[in-house]
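The values are calculated or read from the model by the stated rules, or taken from the named source; none is laboratory data. All figures in this text were calculated on a predicted structure; none of them were measured in a lab. Every residue, glycine as well, gets a Cβ built from its backbone with ideal geometry; the counts of neighbours run over all protein chains shown. Side chains are part of the model used for accessible areas, which takes the heavy atoms of the whole protein and leaves out ligands, DNA and RNA. Shrake-Rupley method; radii C 1.70, N 1.55, O 1.52, S 1.80 Å.
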Amino acid sequence: MESIKELSKEIPQAVISRLPRYFRYLGELKDEGVTRISSKELSNLMHVTASQIRQDLNQFGGFGQQGYGYNVEYLYHEIGKILGLDKTHKLILIGAGNLGQALVNYMNFQRRGFLFCGIFDNNPALCGKKIRDIPVQPMENLERFVKENDIDIAVLTIPKTSAEEVAGILSECGIRGIWNFAHCDLSVPSHIQVENVHLSESLMKLSFRLKSDARI
């Protein structure tokens, strides 16, 4: 059975964007006791062509054998490795409002190895409050906490007016990744990976599709 080759080439973003879906569907199949699945069967579940599935997996060396299908558990764990889910990631939250609290309380992150270690906010009324037993700290503690606790990822749920300033502080602290819910595109050094999540833009896309359907 083939395993992952070292990623010596740049993987297309479209392929990367589909990997979490493969991981989710394979996880559900594994939980249901399914041991093997063909690309055609997976295609029917995911509404992605069988050819596309094979092409995507071939980016990483290919898996399975013709006429044999894919070993569900093996492929699930291998894709998990590709996604970096075979290790624990330490997170901090900056912005302890409703959205931030909801993210910290979402247990599925912890099951995937994403552990919230610290929470920060500039509102004195929130400091000292605990969210899942994690106390909210003032922003002046941020730099020291990141450096002392080897934090990988910062999650920003703050207004865009302060997002750039906070991102600059995080850059100097040695943070490696930012999950940004602020309504702006951050400008950070190239060694820091940023994933922007603009909720209103996603809702606008849905609105466009609803409008388009109404014209048919």
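Any idea which residue in the stretch 39-62 is modelled with the lowest pLDDT, counting only those that are of a type in the set (A, V, I, L, M, F, W, C) and touching a Lys or Arg at 6+ places or on another chain (Cβ under 9 Å)?
Taking the stretch 39-62 as the starting set, the residues that turn out to be of a type in the set (A, V, I, L, M, F, W, C) are 42, 45-46, 48, 50, 53, 57, 60.
Among the residues that remain, those that are also touching a Lys or Arg at 6+ places or on another chain (Cβ under 9 Å) are: 46, 48, 50, 53, 60.
Values: MET46: 94, VAL48: 92, ALA50: 92, ILE53: 93, PHE60: 87.
Of everything passing the filter in the stretch 39-62, PHE60 is modelled with the lowest pLDDT.
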Exercise. When LYS160 is evaluated against the numbered criteria (1) within 18 Å of VAL197 (Cβ to Cβ); (2) modelled with pLDDT of 95 or more, which criterion, by number, is the only one it fails?
Worked result: (2)
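Test PHE116 against the stated conditions and say whether it is open to solvent by less than 40 Å² (accessible area, probe 1.4 Å) and in a loop (DSSP other than H, G, I, E, B). Can you show your working first?
Working: open to solvent by less than 40 Å² (accessible area, probe 1.4 Å): yes; in a loop (DSSP other than H, G, I, E, B): no.
No; evaluated as a whole, the condition is false for this residue.
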Exercise. When you look at GLY33, is it within 16 Å of the chain's Cα centre (by Cα) and at positive phi, yes or no?
Worked result: no
Exercise. Counting only residues that are loosely packed, with under 15 Cβ neighbours inside 10 Å and over 23 Å from the mean Cα position of the chain (by Cα), which one in the stretch 134-162 is farthest from HIS89 (Cα to Cα)?
Worked result: THR161
Exercise. Within the set of pairs 6+ apart or on separate chains, which have a first residue in the stretch 83-106 that is assigned to a loop (DSSP other than H, G, I, E, B), a second that is among the charged types (D, E, K, R), and C-beta atoms under 6 Å apart?
Worked result: LEU85/ARG112; ALA96/ASP121
For this session: Check VAL34 against each of (1) open to solvent by 40 Å² or more (accessible area, probe 1.4 Å); (2) closer than 30 Å to ALA163 by Cβ; (3) touching a residue at least 12 places away in the same chain (Cβ under 8 Å); (4) out of contact with any Gly (no Cβ under 8 Å at 6 or more places or on another chain) and name the one condition it does not meet.
Result: (2)
Exercise. List, please: which pairs have Cβ atoms under 9 Å, are six or more places apart or on different chains, and start with a residue in the stretch 171-188 that is over 25 Å from GLU201 (Cα atoms) and surrounded by 14 or more Cβ atoms within 10 Å (Cβ to Cβ) and end with one that is among the aliphatic types (A, V, I, L, M) and modelled with pLDDT under 90?
Worked result: none
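When the residues of the stretch 6-31 are filtered to those that are assigned to a helix (DSSP H, G or I) and open to solvent by 90 Å² or more (accessible area, probe 1.4 Å), which remaining residue is modelled with the lowest pLDDT? Please lay out each step first, then the result.
Looking only at the stretch 6-31, we keep the residues that are assigned to a helix (DSSP H, G or I), and these are 13-31.
The next check asks that each one be open to solvent by 90 Å² or more (accessible area, probe 1.4 Å); those that pass are 13, 24, 31.
Numbers: GLN13: 89, ARG24: 95, ASP31: 96.
Ranking the qualifying residues of the stretch 6-31, first place goes to GLN13.
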Exercise. Out of the stretch 196-216, which residues are aliphatic (A, V, I, L, M), modelled with pLDDT of 90 or more and more than 16 Å from TRP179 (Cα to Cα)?
Worked result: LEU203, MET204, LEU206, LEU210
Seminar exercise, completed: Scanning the stretch 72-97 for residues that are open to solvent by 10 Å² or more (accessible area, probe 1.4 Å), touching a Phe, Trp or Tyr at 6+ places or on another chain (Cβ under 8 Å) and over 30 Å from ASN122 (Cβ atoms) gives TYR74, TYR76, GLU78, ILE82, LEU83, LEU85
